[in-house]
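Data first, discussion second: the structure below is written as structure tokens.
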Amino acid sequence: MLTATCHCGAVRVEIPRRPRSVTNCNCSICRRYGTLWAYYKAAQVRVVAEPGSIGGYVWGDKTLRFARCNHCGCVTHWESIQPGAVGRMGVNVRNFDPAAIGPVRIRRLDGASTWRYLD
Ligand SMILES: [Zn+2]
């Protein structure tokens, strides 16, 4: 298991294993956040935070909720809120110690347009 926290430590995220690859998406929200996403089943990810520490952002077709720390602002994860598709989760590996993640392949996703990987 690997553990990350936001910058201030109010939100902790635990993942079961190193990601095999991470996704750098160019969509309008991910490029602004500067996130690198690793994907897991929601049941495999544990988010620990004091009540009120996590803020959410939902936009567009309202299929995902982006979560951030209300204190330091770091984006920690997204969760699916689409009925029938709940269970998938994206974790922002930028919050992890790079040494713990190790050398990992970064895949570029064209989320802005084609929804295809560019590699
Ligand atoms: Zn924080």
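The values are calculated or read from the model by the stated rules, or taken from the named source; none is laboratory data. Quick caveat, the model's predicted, so the values are computed rather than measured. Here Cβ is always computed from backbone atoms with ideal geometry, including for glycine, and neighbour counts include all displayed protein chains. Accessible surface is based on the protein model in full, side chains and every heavy atom, while ligands, DNA and RNA are left aside. Shrake-Rupley method; radii C 1.70, N 1.55, O 1.52, S 1.80 Å.
Of the residues making up region 87-104, at least one is open to solvent by 70 Å² or more (accessible area, probe 1.4 Å), under 11 Å from the mean Cα position of the chain (by Cα) and without any contact (Cβ under 8 Å) to a residue 60 or more places away in the chain. Please tell me if LEU36 is open to solvent by less than 50 Å² (accessible area, probe 1.4 Å), at pLDDT below 95 and under 24 Å from ARG108 (Cβ atoms). Here the answer is no, as LEU36 does not meet what is asked. Kindly check whether there is at least one residue in region 54-71 that is part of a strand (DSSP E or B), more than 22 Å from ALA4 (Cβ to Cβ), open to solvent by 90 Å² or more (accessible area, probe 1.4 Å) and modelled with pLDDT of 95 or more. For region 54-71, residues part of a strand (DSSP E or B), more than 22 Å from ALA4 (Cβ to Cβ), open to solvent by 90 Å² or more (accessible area, probe 1.4 Å) and modelled with pLDDT of 95 or more: absent. Among the candidates TRP78, TRP59, the residue that is on the phi < 0 side of the Ramachandran plot and either more than 15 Å from the chain's Cα centre (by Cα) or within 16 Å of the ligand (Cβ to nearest atom) (or both) is uniquely TRP59. Here region 1-28 is the region considered, the condition is being crowded, with 17+ Cβ neighbours inside 10 Å and among the aliphatic types (A, V, I, L, M), and the residue that is nearest to ASP110 (Cα to Cα) is VAL22. When you look at PRO51, is it modelled with pLDDT under 95 and either within 16 Å of the ligand (Cβ to nearest atom) or not polar (S, T, N, Q) (or both), yes or no? Considered against the rule, which asks whether it is modelled with pLDDT under 95 and either within 16 Å of the ligand (Cβ to nearest atom) or not polar (S, T, N, Q) (or both), PRO51 comes out as yes.
Taken residue by residue, region 43-53 has no member that is under 27 Å from ASP119 (Cα atoms) and surrounded by fewer than 18 Cβ atoms within 10 Å (Cβ to Cβ).
Considering only region 4-37, state which residues are free of Cβ contacts under 8 Å to residues at least 40 places away in the same chain and in a strand (DSSP E or B). Across region 4-37, the qualifying residues are ARG12, GLU14. Would you check if there is a residue in region 14-34 being within 16 Å of the ligand (Cβ to nearest atom) and farther than 30 Å from SER113 by Cβ? Yes, the conditions are met somewhere in region 14-34.
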